[in-house]
Every structure is written in structure tokens, then in C-alpha cells.
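The values are calculated or read from the model by the stated rules, or taken from the named source; none is laboratory data. This one's a predicted model, so the numbers in the text were calculated from it and none came from an experiment. All Cβ positions, even for glycine, are placed from backbone atoms using ideal geometry, and neighbour counts span all protein chains on display.
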């Protein structure tokens, strides 16, 4: 077994929103999905899939009109094994959140570390159902202007606690150490 250092970046957002984490190379794609939900801050409220070299990896779904590979037994090392290998993770097909995962390093496991673990991050994840990258950027502009006609609507939607710059590494790592990576809906 090896440990992968992966950087996941949310595409089409500036300034960048990203996470760097360590994960066993034997992690299955369904578990990688759970890990990504946790490190990014998503709520697992929407469909998802991975894309590697044009091939779609997804959980079986009879309503899925795309050709896909059943990903339930696919491990990360089956689709990424060399430094700089990339794959795409798509979440919420309505909002179209596309993430790029890049394998930065292949490491030997540290017996004192419980994997997965998030090493670093930049910025808070967008709130669910905010309209994708364009809607998120528009929402941020509106929240900077209390006089905007949609300010109260967005403030109610995201709540007073939402801060686009805040990321708490200790909370994410605490969630990652729980069974099912902190996601209660699994």
C-alpha cells in the first residue's frame, strides 16, 4: 500500500478553492467521493461521478443515460498511479461543480497517521444550490452590498455564519476520522 497526496481544486472559481489531503491508494472511488464531500464541505445532496481519460466512473443508476463504469470496486490506484495524473470529479449536475484532482506525491504510509487526513486548504466551499460557479460569484458580490435587492434573500439562504474565506482544518480532520468520513447521511 502507498499513500497519495492529492490536491483537489474547484474549477472556474477565482480566487481558488482547493484542498490537499492524504489518502490510501487502495481507497475505492465511492469512499473517495465521501472524502471529497467532507474535505470540500459539500452535503452529499446531489449526484456525482468521476471522469478519467474520457471514461465516466459512477455508481449504478438505471436512470443514467450516459455510459459509465461501475465504480464500486475501483480503487484510486486503478485510475491514478503516477505523479501529475489527474481526474475530474463532478458533483451536482444542476449546478455543475467540477473539481480537478491531481496526484502530487506517492508516499510510504506513516504508521502514526490515520488516513485520510487533510493537510491544507484555501477558502470555504460554496453553499449548495447557489447556481454553480457563476451563481456563487454573483452571490458573493450581492453579499458585499447590503443595499442590493437580493441581499436579504441570499443572507437568509446562506445564514450569518457563512464566510467565503473561512476553512477550519481541525473540524475537517475530525470529521475524516469518523466512520464514513463524517457524513451522517451514509
Enumeration of residues in segment 29-44 that are in contact with a strand residue (DSSP E or B) (Cβ under 8 Å, 6 or more places away or on another chain) and not in a helix (DSSP H, G or I): 42
Could you check how many residues of segment 109-138 are more than 20 Å from the chain's Cα centre (by Cα) and surrounded by 14 or more Cβ atoms within 10 Å (Cβ to Cβ)? 1
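How about segment 73-108: which of its residues are more than 12 Å from the chain's Cα centre (by Cα), in a strand (DSSP E or B) and crowded, with 19+ Cβ neighbours inside 10 Å? Talk me through it step by step, then tell me what you get.
Step one: of segment 73-108, the residues more than 12 Å from the chain's Cα centre (by Cα) are 73-87, 93-96, 102-108.
With the extra rule that they be in a strand (DSSP E or B), the set shrinks to 75, 86-87, 102-107.
Selection gives 87, 103.
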Pair list, Cβ < 8 Å and 6+ apart or interchain, from segment 71-95 residues that are over 23 Å from residue 12 (Cβ atoms) to residues that are at pLDDT below 95 and assigned to a loop (DSSP other than H, G, I, E, B): 71/59; 72/59; 72/60
